[in-house]
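Input: a single structure, listed below in structure tokens.
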Amino acid sequence: MKKVAVITGASSGMGREFASIIDRSMKNIDEIWLIARRRDRLEELQGELNTACIIIDEDVNTNEFENKYKKILSQENPGVKMLINCAGYGLVGTAGTHGVEVETGVVETNCVALTKVTLLTLPYMAKNGRIINLASSAAFFPQPGFAIYAASKSYVLSFSRALNSELRNKNIYVTAVCPGPVNTEFFNIAENGVERAWYKDLFMSRAKDVVRQALKDSVQKKEVSVYGTSMKLLMFASKVVPHSVALGVMKVLNGKERK
Ligand SMILES: NC(=O)c1ccc[n+]([C@@H]2O[C@H](COP(=O)([O-])OP(=O)(O)OC[C@H]3O[C@@H](n4cnc5c(N)ncnc54)[C@H](OP(=O)(O)O)[C@@H]3O)[C@@H](O)[C@H]2O)c1
């Protein structure tokens, strides 16, 4: 049986980095399935990888994607060693700023599509397989000025932790990755011309460092992967600081972004 790694959001940022590192370091993977909308980017990535690839250039929110993915799964009948859910986006601004469709699209992509891809893949997961879900440190607190995105990532964190508990007896392990700001195209979409909150540059990480840490934590069967001391402190703070206080702090920190 072919052993595969499935990566959504593979056309840029952390998804692309996962594909590159898996290609270089995981010799037990026969094929990498690259999922995103931009076919040219996926083809360029495919050209750089030594591992065989299947490209699925679809919007994960569509029926076309669901039908194509189901079909490929049933035709190939793979053993999925790794499922990595990176497809996602956020939009800075108070709720209502960008319009209903785009804002609910954040929930559709970050939560509904991630859940759908996971459920469709589960029957094909190999023993000792791994699921890595991109949550965010935004999952730790509600965030005025970034409310829908932060809530969507709380869903990813909660879902991943519970799923990890459910799947342990099947020897499948789920890791939620919770980075702070990472230097990727994410901010082009999220900020869209809005001035960046000062603290984000201060804590900006490199995609390859976050991804290396995530893969290491996944191998070690950790349910949460947090890169860097500051984000680990933030996670700790989320357990001890009352939400009313956190809300006040986030409102001030995200102040310039609340338009
Ligand atoms: N960068 C950060 O600061 C940060 C921090 C914490 C968590 N995260 C999370 O990490 C994940 C990866 O983000 P990134 O930083 O690597 O950003 P990125 O470079 O913008 O990558 C996002 C990826 O998702 C894909 N995507 C978005 N919507 C899609 C859709 N509807 N259907 C298919 N693919 C879709 C994009 O590909 P196409 O446009 O080609 O479809 C792209 O490959 C996201 O879930 C993000 O929320 C990011």
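Taking K251 as the residue in question, decide whether it is modelled with pLDDT under 95 and part of a helix (DSSP H, G or I). So K251 fits the description; yes.
Are any residues in region 144-158 more than 23 Å from E17 (Cβ to Cβ) and either away from the ligand (no atom under 12 Å from the Cβ) or hydroxyl-bearing (S, T, Y) (or both), and if so, which ones? Those that are more than 23 Å from E17 (Cβ to Cβ) and either away from the ligand (no atom under 12 Å from the Cβ) or hydroxyl-bearing (S, T, Y) (or both): P144, G145, A147, A151, S154, Y155, S158. Checked against (1) touching a His at 6+ places or on another chain (Cβ under 6 Å); (2) in a strand (DSSP E or B), M82 passes all but a single condition, namely (1).
Specify which of the listed residues (S165, S158, S136) is under 11 Å from the mean Cα position of the chain (by Cα) and of a type in the set (S, T, N, Q).
Working: S165 fails: under 11 Å from the mean Cα position of the chain (by Cα); S158 fails: under 11 Å from the mean Cα position of the chain (by Cα).
The conditions single out S136.
Would you be able to tell me the number of residues in region 173-192 that are in a loop (DSSP other than H, G, I, E, B) and touching a helix residue (DSSP H, G or I) at 6+ places or on another chain (Cβ under 8 Å)? I'd like the intermediate steps shown before the answer.
Step one: list which residues in region 173-192 are in a loop (DSSP other than H, G, I, E, B), which gives 178-181, 183-185, 192.
Retained after the next criterion (residues that are touching a helix residue (DSSP H, G or I) at 6+ places or on another chain (Cβ under 8 Å)): 178-181, 183-185.
Qualifying residue count, region 173-192: 7.
Among residues of region 47-71 that are closer than 13 Å to T8 by Cα and within 15 Å of the ligand (Cβ to nearest atom), those with a beta-carbon under 9 Å from a residue that is among the aromatic types (F, W, Y) and in a helix (DSSP H, G or I) at least six positions away or on a different chain give the pairs I56/F65; I56/Y69; E58/F65; E58/Y69; D59/F65; V60/Y69.
From the list K2, K70, K27, K81, the one residue that fits, being under 16 Å from T121 (Cβ atoms), surrounded by fewer than 17 Cβ atoms within 10 Å (Cβ to Cβ) and out of contact with any Pro (no Cβ under 8 Å at 6 or more places or on another chain), is K70. The single condition from (1) more than 8 Å from the ligand (Cβ to nearest atom); (2) closer than 21 Å to V226 by Cα; (3) free of Cβ contacts under 8 Å to residues at least 60 places away in the same chain that C178 fails is (1).
Residue pairs whose Cβ atoms lie under 7 Å apart, sitting 6 or more positions apart in sequence or on different chains, and linking a residue in region 77-100 that is more than 18 Å from F186 (Cβ to Cβ) to a partner that is of a type in the set (V, I, T) and in a loop (DSSP other than H, G, I, E, B), are K81/I29. Of the numbered criteria (1) out of contact with any helix residue (DSSP H, G or I) (no Cβ under 8 Å at 6 or more places or on another chain); (2) away from the ligand (no atom under 16 Å from the Cβ); (3) of a type in the set (A, V, I, L, M), the one V102 fails is (2). For Y89, the conditions (1) buried (at least 20 other Cβ atoms within 10 Å of the Cβ); (2) within 9 Å of the ligand (Cβ to nearest atom) all hold with the exception of (1).
Could you please find all residues in region 193-222 being assigned to a loop (DSSP other than H, G, I, E, B) and surrounded by fewer than 20 Cβ atoms within 10 Å (Cβ to Cβ)?
Pass one, region 193-222, residues assigned to a loop (DSSP other than H, G, I, E, B): 193-197, 203-204, 206, 220-222.
Once the filter is applied, which keeps residues that are assigned to a loop (DSSP other than H, G, I, E, B) and surrounded by fewer than 20 Cβ atoms within 10 Å (Cβ to Cβ), region 193-222 yields G193, V194, E195, R196, F203, M204, R206, Q220, K221, K222.
The values are calculated or read from the model by the stated rules, or taken from the named source; none is laboratory data. No experiment lies behind these values; they were computed from the predicted model shown. Note: ideal-geometry Cβ built from the backbone for every residue, glycine included; neighbour counts use all protein chains shown.
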